[in-house]
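Below is one structure, written out as structure tokens; the observations come after it.
The values are calculated or read from the model by the stated rules, or taken from the named source; none is laboratory data. Since this is a predicted model, take the numbers as computed values, not measurements. Methodologically, a virtual Cβ is constructed for each residue, glycine included, from the backbone with ideal geometry; neighbour enumeration extends over all protein chains shown.
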Amino acid sequence: MNNAMQLDLTHLQNKLLGLPGVDDKLRVLEEHFFVKTWLQERHFFASFLLKAPTYERYLAYCLIAIDQGWIIERFYGQDAWASVLEVLDAVEGFYASLGGVVGYQKEALSTLQETPSFDSSIYVPPKIDISAYTQDVQNWTFAAINYLPQLAFLYPIGGAADRLHLQDPATGQELPCACLQFNGETLLEKLFLDLEALEYLYYKLYGKTLRTPVALMTSKEKDNAQHIQRILEEKRYFSRPKDSIRLFCQPSTPVVTKEGMWCLKDPNTLLTKPSGHGAIWKQMQQENLFLWLKNQERTKAVVRQINNPVSRFDYSLMAFIGYGMLHDLDFGFASSHRKVGAKEGMNVLMEKPTSSGYRYALSTIEYCDFAKMGIEESFSSQDTHSQFPANTNILFLDLDKVEKAATKTPFPGPIMNFKEYQVFSNGGYQMQKAARLETMMQNISEEIAEDSPQKKTGLDRVFLTYNERYKTISTTKKALCRKKTSFLDTPERCFYDTLRNMQDLLDACAIEHEKLPSFAKYLVENIPFALRYHPALGPLYSVIAQKIRKGSFLPGSSCV
């Protein structure tokens, strides 16, 4: 799509944003040059659209205005047209503050084609090292338990997980990541078991029972929302009050090619994908979830993604939470080292000149934008680890500050991350690089930042903790491929890192055991031990070691 088209969409977007109702917007589109020309050349469709309901006609004219009129020609008058309207309605509603369907296309093309006007300087962020269980770290750990009644948990679990290729063995249907059976439980169950462990520790210390509110952001991708609901019902909501868990669904948005054309999943369906985890803040506003949490006297929240089960072990997550709670901070990132070339973002300190001095923000840059922004991952070509720490999507936040920031910036950190998709084109299926407009939940931190008159100041409201990687992030994003040299982000690597954490626990309990082999040997040899434990034991290894001491694990032993 050329620059003239993009300028036209910008002009049209501005016009539509200033209008209150569909009738007014429809009149603007009826006078739009592309729409008028298209309708004049296609009398058959024009006559039928004139008889359509006002809102349906408006959505159809939006398609014409963004040069996607071929969708009308393909689907109008057929059963599949209803599903097209459903997609358009979702985009129009979610991106209303951008101009609906027109605004979505304009922003997607802008993000795709423009080199970012990056007026910020990038620095390695300051970090709070929690890799050793010092007295400070111990204080922060127990502060997390003390302040637990003020805390909520947010779980964005609606990602597509296309690279994982998890399938139902009976039907062959692809399943969402939440359904992955990992070391005895689904990943969804593990999130709730982790929370149960924290609540039980609070009960043992204070004699009070807590039921922490949990908000789950699902999606329609691979029937994600239905699978989540099914697991909750089968597990009887993990013995929690049903009203302590709220589900809300992020929208799916059209996938576009590098030329800006929307894609087909099959002959009768547009290809859509979840709109990115940055949708969480706007959706929480629309679903009144900030108010729901405020009514339960919750002031802070922790975000964890479902595909990273290792962050649950020992004190790591608790020290992160406790530091933010104890100092009443606004936003925080849990981080670790990052391998050069990994398909994961990095946390940075951004310095932006302002009229009153400088604005400093801890934020995230995604891997797909490194080259576009001219960012070097490492200090030298010999370095295996990035100079910047890894983004782990483990966040701490002040609910009031984020709600206000989301009002100003409902779509933080827009990116177009191109991937290979199977699309239907020219009468057959083929692989093609395409993307949808995504937003990043971490980048809401940039709106929370405040101006400062001096350099390197104004960072007292945000923080970043730093721990060993195997204690912080090891994800289950993609299926194992033995032909590739990197096993990062596979369930197999994640399970190995889980065993490393279990080995630390056995050491803490002075239990003799065979040492884990290297990861390369682990892939071809029997594992020396396997271990799961009830939430009542944990999560702190120092507490577990008071209950279980000494003994031995023979090779191949398992404990459940």
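Structural remarks
- Contact map, region 505-518: first residue under 15 Å from Pro555 (Cα atoms), second residue acidic (Asp, Glu) and in a helix (DSSP H, G or I), Cβ cut-off under 9 Å, separation 6 or more or different chains; pairs are His513/Asp507.
- From the options Ser110, Ser121, Ser97, residue that is closer than 30 Å to Glu351 by Cα, over 24 Å from the mean Cα position of the chain (by Cα) and in contact (Cβ under 8 Å) with a residue 24 or more places away in the chain: Ser121
- In region 508-544, the residues that are under 20 Å from Ser311 (Cα atoms) and aromatic (Phe, Trp, Tyr): Phe519, Tyr533, Tyr541
- Answer from Phe487, Phe519 - the residue that is within 17 Å of Leu164 (Cα to Cα), modelled with pLDDT under 95 and either outside the structural domain of Asp400 (by TED's automatic domain parsing) or touching a strand residue (DSSP E or B) at 6+ places or on another chain (Cβ under 9 Å) (or both): Phe487
- Sole residue being of a type outside the set (D, E, K, R) and either more than 19 Å from the chain's Cα centre (by Cα) or part of a loop (DSSP other than H, G, I, E, B) (or both), chosen from Leu154, Leu188, Leu247, Leu198: Leu198
- Near pairs, Cβ below 9 angstrom, 6+ apart or cross-chain, from region 33-51 (within 18 Å of Gln78 (Cα to Cα)) to any residue that is loosely packed, with under 10 Cβ neighbours inside 10 Å: Ala46/Gln40
- Every residue from region 205-227 that is closer than 15 Å to Ala161 by Cα and touching a helix residue (DSSP H, G or I) at 6+ places or on another chain (Cβ under 6 Å): Met217, Thr218, His227
- Of all residues making up region 206-244, the number that are among the small types (Gly, Ala, Ser) and more than 17 Å from the chain's Cα centre (by Cα): 3
- Residue count for region 209-245, restricted to those that are buried (at least 18 other Cβ atoms within 10 Å of the Cβ), under 30 Å from Asn146 (Cβ atoms) and not hydrophobic (A, V, I, L, M, F, W, C): 3
- Within the set Ala82, Ala60, Ala65, the sole residue that is touching a residue at least 24 places away in the same chain (Cβ under 8 Å) and among the small types (Gly, Ala, Ser) turns out to be Ala65.
- Pair list, Cβ < 6 Å and 6+ apart or interchain, from region 151-168 residues that are without any contact (Cβ under 8 Å) to a residue 12 or more places away in the chain to residues that are surrounded by fewer than 18 Cβ atoms within 10 Å (Cβ to Cβ) and outside any loop (DSSP other than H, G, I, E, B): Gln167/Glu174
- Taking the numbered list (1) on the phi > 0 side of the Ramachandran plot; (2) modelled with pLDDT of 85 or more in turn, Gly556 passes all entries but (2).
- All told, Ala406 falls short of being under 15 Å from Tyr466 (Cβ atoms) and of a type in the set (Gly, Ala, Ser).
- Pick from region 96-129, criterion over 28 Å from Val462 (Cα atoms) and outside any helix (DSSP H, G or I), ranking: modelled with the highest pLDDT: Gly99
- Candidate set: region 409-446, residues that are outside any strand (DSSP E or B) and hydroxyl-bearing (Ser, Thr, Tyr); chosen: the one farthest from Phe94 (Cα to Cα): Ser445
- If you go through region 52-94 and keep only what is among the charged types (D, E, K, R), outside any helix (DSSP H, G or I) and either within 29 Å of the chain's Cα centre (by Cα) or closer than 21 Å to His32 by Cα (or both), you end up with just Asp67.
- Restricting attention to region 163-183, the residues that are in a loop (DSSP other than H, G, I, E, B) and touching a helix residue (DSSP H, G or I) at 6+ places or on another chain (Cβ under 9 Å) add up to 8.
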